[in-house]
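What follows is a set of notes on a single structure, which appears directly below.
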Amino acid sequence: MKGLRVFLANLGRHTFVSPDSTPPLGILSLAAYLRSKLDVDLLLMDQRVENASVESVVQRAADFGADVVGLSLMTYYASMLGPVTQGLRAALPKAFQVLGGPHVSACQEAALMGNVADAAVSGEGEYALEQIIRAHQARADLTSIPGLLWRNGEGAIIGNPGAVPIIEDLDTLPFLAYDLLDIRKYRRVQSHAHMPPRRYLSFFSSRGCPCKCMYCHQVFGKRFRAQSPERVVAEIEHHTKAFGVNNIEFEDDIFNFDPKRVLGICDLIAKRNLKLRIYFGNGLRTDVLTEEGVEALVGAGLCFSAFALESGSPRMQQFMGKRLNIDKFLQGVRWATDRGVFAHGFAMLGFPTETEEDMKATLDVVLNSRLHTAAFFTVVPYPGTELYAYVAKHTPDKLKGFASDDLEFIRNRINLSEVPDEVLFRYQRTGFRRFYLNPSRIARIVRDYPNPCFLPYYLPMFTIRATKRLFA
Ligand code: B12
Ligand code: SF4
């Protein structure tokens, strides 16, 4: 195979409401894998970090002369698929267009509706994309690629039997193709860790999460698979040295699921004297966190972590399937903050069946915790989740006029709970206000914020959060 041109784009925009942008680990992993297996020329584009228009995406692919275009996206950006794929079809009529990422995993064959892409891959894309490219090059048909969704000559959407194969041994994956990305662009925008702009790299060291939260998409399945400490640290060392960066963020769903692995990673970071500053934008799970693990992570450079409580009501914990032990949550946050880690909390209000008492319990836990910052979200049902199926079955009227592929989606004010709208949104406003307008919390933010010299940059962000929904 020679000279095939593969253009991979992460679709998205960063907006005032969602200002964060992180390196697109999906296409970075696909690119690394493809070049280890095939002789291909690769061009990567992150529309989100560039805030580029649909026309720019098409133009970039056309200028490159792409033979294969891979588009990665969340459902949030699905309304872009029609214009992007039609634009690509007009500019590059022969290019094979394939969709992937969380949107396809959540929406399956529906991801191919309303656009002209040729195929879509649900779940992990490495093996499947390799096979698609090989088939495209050999002009072979696509019927033998397990689990592939594709459009036949008559335009019908076909789902091949079987499942898209997953990578069993994540140590076999080549290092992320960071050399194909201009990482300087990411220091100009907010990262997932809600820290001021700075030079950093993101990593994803495990796939699959055995937990059963009803609002989650579970892109990587239920079985936890992880890279070994040696593989994780070798990749970190390679990239941080190559780019002269010491800030790293992990995006894993449940990084600390295996406490021994955590200790192994920290031990190697210490032995290699990597002098890292480590951030968990997506969080550490508190019911499998150990004090020894926190101690080791702090020794390895941990300075920021998110902690997802979601609800302070034990009844809601059972209902939503998260089943977090609330005392362990508070203890985990304390272990971290006692050692100087800056802690950000996630809370959700407004689950189906949720009462005012449940909401009060959530506010009580968050307000009385040692978290430095927190976000109170209202619950939104995303298609493809168990939560969405529950709402569609029990209260279908609540889904009327609700478009999850809309860029304004995040502003949707849906109320799935038992309480009237004004009560739900009052709890959200009160949560933000009481949390942030607390002098001792403000003092702790100032004391513990990683990189204190950046605090002045943080003030506008803090003000936005402190006043969020305050006047709505
Ligand atoms: C980092 C992250 C973000 C970043 C941005 C990510 C980005 N680069 O664009 C930020 C913090 C901005 C973010 C925001 C949100 N996020 Co987010 N985020 C993540 C997180 C934690 C990690 C993503 C990642 O790096 N994964 C690792 C890589 C390797 O996986 P991957 O990208 O999925 O790629 C693999 C496959 O999907 C596939 N693949 C990917 N692309 C392609 C392309 C082709 C052509 C092919 C064939 C295959 C393929 O192959 C890859 C390798 O196997 C995921 C959780 C998760 N488990 O992935 C949630 C996740 C993607 N987010 C999610 C959600 C819901 C959101 C929000 C809407 C949350 C909210 N309510 O605010 C917002 C969106 C707001 C907005 N304005 O965009 C959902 C997406 C659900 C969906 N249906 O789209 C996820 C899956 C979380 C979950 N478990 O429910 N997020
Ligand atoms: S712990 Fe996180 S990744 Fe796992 S099911 Fe719950 S929300 Fe999803």
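Here are some notes:
- Inter-centroid distance (Cα atoms) of the range 132-154 relative to the range 337-365, Å: 47
- Three principal axis lengths of the range 60-185 [C-alpha, angstrom, descending]: 41, 35, 33
- Pairs beyond 30 Å (Cα-Cα), from Lys212/Lys398; Lys37/Lys222; Lys94/Lys222: Lys94/Lys222
- Extension gain (nm, one decimal) between Asp141 and Asp41, 0.36 nm per residue minus Cα-Cα: 33.7 nm
- Cross-link reach list, aspartates and glutamates versus Lys360, counting only Cα pairs under 12 Å and skipping chain neighbours closer than eight places: none
- Mean projected area of the convex hull spanned by the Cα atoms of the range 235-357, taken over all viewing directions: 8.0 nm².
- Cβ-based charge dipole, the range 4-159, positive-most Cα from Pro83, Ser72, Pro23: Pro83
- For Asp338 and Asp182, a Förster radius of 35 Å and the Cβ-Cβ distance give a FRET efficiency of 0.35, rounded to the nearest 0.05.
- Calculated log₁₀ intensity ratio I(q)/I(0) where the Debye formula runs over C-alpha points of the range 191-466, q = 0.11, 0.12, 0.14 Å⁻¹: -0.66, -0.78, -1.06
- DSSP beta bridges in the chain [antiparallel fraction, %, rounded to 5]: 15
- The chain, relative contact order [Cα under 8 Å, separation at least 6], %: 11
- Local electrostatic count, Leu180, Cβ distance below 11 Å [Lys/Arg +1, Asp/Glu -1]: -3
- Cα-based reach from Lys260 at 17 Å (exclusive), listing lysines while leaving out same-chain residues under 8 positions away: Lys271
- Here the residues Phe346, Phe402, Phe204, ranked from fewest to most Cβ neighbours within 10 Å of their Cβ, fall in the order Phe402, Phe346, Phe204.
- When both bridge partners sit in the range 4-159, DSSP labels roughly 20% of those beta bridges antiparallel.
- Reciprocal mean inverse distance between Cα atoms of the chain - Kirkwood radius, Å: 23.3
- Remark: spin-label model distance Arg315-Val446 equals 4.2 nm, labels positioned 7 Å along the Cα→Cβ axis.
Each reported figure results from applying straightforward, stated rules to the coordinates on display, with no laboratory input. Remember, predicted model here, so these are calculated numbers, not experimental data. Ideal geometry is used to build each Cβ from the backbone, glycine not excepted, and the neighbour counts take in all protein chains shown.
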